[in-house]
1. Take the residues in region A:95-113 that are buried (at least 20 other Cβ atoms within 10 Å of the Cβ) and within 30 Å of A:Ala22 (Cβ to Cβ), then tell me which one is farthest from the other protein chains (Cβ to nearest Cβ).
2. Given the conditions (1) surrounded by fewer than 21 Cβ atoms within 10 Å (Cβ to Cβ); (2) at pLDDT 90 or above, report the number of the one that A:Arg92 does not fulfil.
3. Please tell me if B:Phe211 is within 23 Å of B:Ile316 (Cβ to Cβ), part of a helix (DSSP H, G or I) and without any contact (Cβ under 8 Å) to a residue 40 or more places away in the chain.
4. Since B:Trp117 meets every condition but one in (1) under 23 Å from the mean Cα position of the chain (by Cα); (2) in a loop (DSSP other than H, G, I, E, B); (3) aromatic (Phe, Trp, Tyr), which condition does it not meet?
5. Could you run through region A:217-262 and say how many residues are part of a loop (DSSP other than H, G, I, E, B) and more than 26 Å from A:His25 (Cα to Cα)?
6. Between a residue in region A:39-54 that is at positive phi and assigned by TED's automatic domain parsing to the domain that holds A:Ala230 and any residue that is of a type in the set (S, T, N, Q) and buried (at least 24 other Cβ atoms within 10 Å of the Cβ), which pairs come within a Cβ distance under 9 Å, given they are 6 or more apart or on different chains?
7. Test each condition in (1) within 11 Å of another protein chain (Cβ to nearest Cβ); (2) over 30 Å from A:Val23 (Cα atoms); (3) buried (at least 19 other Cβ atoms within 10 Å of the Cβ); (4) touching a residue at least 12 places away in the same chain (Cβ under 8 Å) for A:Gln116 and report the one that comes out false.
8. Consider A:Val23 against the criteria (1) closer than 29 Å to A:Ala131 by Cα; (2) surrounded by 22 or more Cβ atoms within 10 Å (Cβ to Cβ); (3) away from every other protein chain (no Cβ under 14 Å); (4) among the aliphatic types (A, V, I, L, M): it satisfies all of them except one. Which criterion is unmet?
Amino acid sequence: MVAAATLAERSTQTGLAVDLHAVSHQYDLGKSILPVLDGIDLKVAPGEFVALLGPSGCGKSTLLRLAAGLETPARGEVLADGVTVTKPDPSRVLVFQDPTLFPWRTVRDNVAIGPQARGVLAASGARIDDALKLVKLESFANVFPHQLSGGMAQRAALARALVNDPELLLLDEPLGRLDSLTRLSMQQELLALWQRAGYSVMLVTHDVEEALLLAQRVIVLSERPARVKAEIVADRPYPRHRDDPWIVDKRREILEILGFAE
Amino acid sequence: MTSWPDPMTQAMSAIADRKEPALRAAFPVLWHNGLIAAGTWLLAAAVTFFLPDIVPYGSRGLFAGILAAGAAVLIVLSFLADRLGRIGRGLVHYGPWYIALGIWLAIWELITAKFGWLPKPFFAPPHGLFHVYVTDWERLLICIFYTARLWSIGFFSGIAFGFVLGVALGWSKTFAYWGMPVLKLIGPVPASAWIPATFFLFPTTFQASIFIVALASGIPVAILTASGVNTVNRAYYDVARTLGADGRFLVRRVAVPAALPNVFVGLFMGLYYSFAILVVAEMLGAKYGLGWYLQFQTAYSAYVNVYAALIIMALICSGLVKLLFLVRDRLLSWQKGVVQW
């Protein structure tokens, strides 16, 4: 994959250091206040792949929105390379569970949103093509999103994020809506892309196996309001296999922490 | 030799059978409905020409001649439709309509001019309407020009202003807080109710007329655009913001394209309203114009002329609607179901 190599080579950064320091957050529902995060301390080293596991609705997504800068925490601080995060920045890109491609733009024009928003569209033609090749969508460049399958749409969303050379990729259950086979191949692709480009990754998932297959560290969160409940270092070499006894073992351990004792 | 068909003759006749469609293709397939339509048009021509009018309307012979000529063209097309490709397929598709049109014209002639069941001056036969075009075409052309000028200035300034206002109302909370209640109050008021105020506000009656047309077309565009921008999926904004978009980008590249289907609903409504208001707008001291023509002729009980002008207005309006559909289909080709692959 020549194209893939060029995109990776051009990314000069290594990865962003993320530091969540005593972060608490809540949502004002009008009549009541909904606490979602309760004193989260979490550090992500440059280039590290961290998975966040937790029961659904525990506030995992909020954590990513704070890291992306779409919201600012009620208490505590979010630091990126030591600088407080106050607003979104294309160096920290969020990929949602729903691909949320703009339906009025072709796949290529969707990937071009980042460069266009930053006013560098004219100089980014080759980069956009590279990103499309990277996710194997080059022959679907001029197709509208409603003509794509679920997996293709999510790959397009991934290309839209990667074209900006992110230093931190925030993945909010990006494979949650895919069928199991597409999911398996997308997991491998996510891993390959990360190994090539060297950005930091925060992956929210509620698939324990997925977390163990991909991440170097798995953070287990509690019920809402979320606290860090456990931290599992997964320093196994890649590629990992789901029937590896270590993975099977850790999977059981994490499920027990989450309250699914067998 | 027996008379039983041997394999050889059987094969020969099979080849002959197979050749038959090829032979038929040499002679074009007849468009049957075209011939029937020619018949009904000739019938209408005969009714018009040979039966006397109870009260003469004029242009009887000319109209019957045109119908007969139309019938002749239909006969020719009946033999050619097969070879005309897309146009031919269109003809064939609307064949039943051409038949119905001939029948309808014949009946219309009978119940108005021939039997007088629907009497003058309230009703007119087809050739009566045609007579208006023959005798009054110069004035009608001037009226079309005046109306086109008033409508296009009014409509386009109205939708431009309505669109900008709608985007502002849908985007800015402050703007919506102050603007929405006012718009909701003004919206249902017919544009004609503003005539007294426009007399004071605008130095000339032409400007006042433009304002009335602009108001009628602008308000639905503003309301629909505002609701369109307001209901844009918030996730689109989040995506654009994480990719480095500023407020300007969010409005121009996210809010507006996402709201465009709604904007077009507003445009269609505005188009209809603007035509409905033309008559009123041209009451304001206009010298010419289709709306003015309608009022002028109504005042003189020349209802035939009124109908003739109405038909022109209806044709122009439906032509513009068709044009707007084309623009919409082009701009919204991304919508599901519009483009299939």
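The values are calculated or read from the model by the stated rules, or taken from the named source; none is laboratory data. Note that the coordinates shown come from a computational prediction; the quantities given were computed from them, not determined experimentally. Positions of Cβ are backbone-derived with ideal geometry, glycine not excepted, and every protein chain shown enters the neighbour counts.
1. Per the criteria, the residue is A:Val95.
2. That leaves (1) as the condition not met.
3. Working: within 23 Å of B:Ile316 (Cβ to Cβ): yes; part of a helix (DSSP H, G or I): yes; without any contact (Cβ under 8 Å) to a residue 40 or more places away in the chain: no.
In short, no.
4. (1)
5. Keep residues of region A:217-262 that are part of a loop (DSSP other than H, G, I, E, B), which gives A:222-225, A:227, A:234-244, A:258-262.
Checking the rest, the ones that are also more than 26 Å from A:His25 (Cα to Cα) come to A:234-244, A:260-262.
Qualifying residue count for the region: 14.
6. The qualifying pairs are A:Gly47/A:Ser200.
7. (4)
8. Failed condition: (1).
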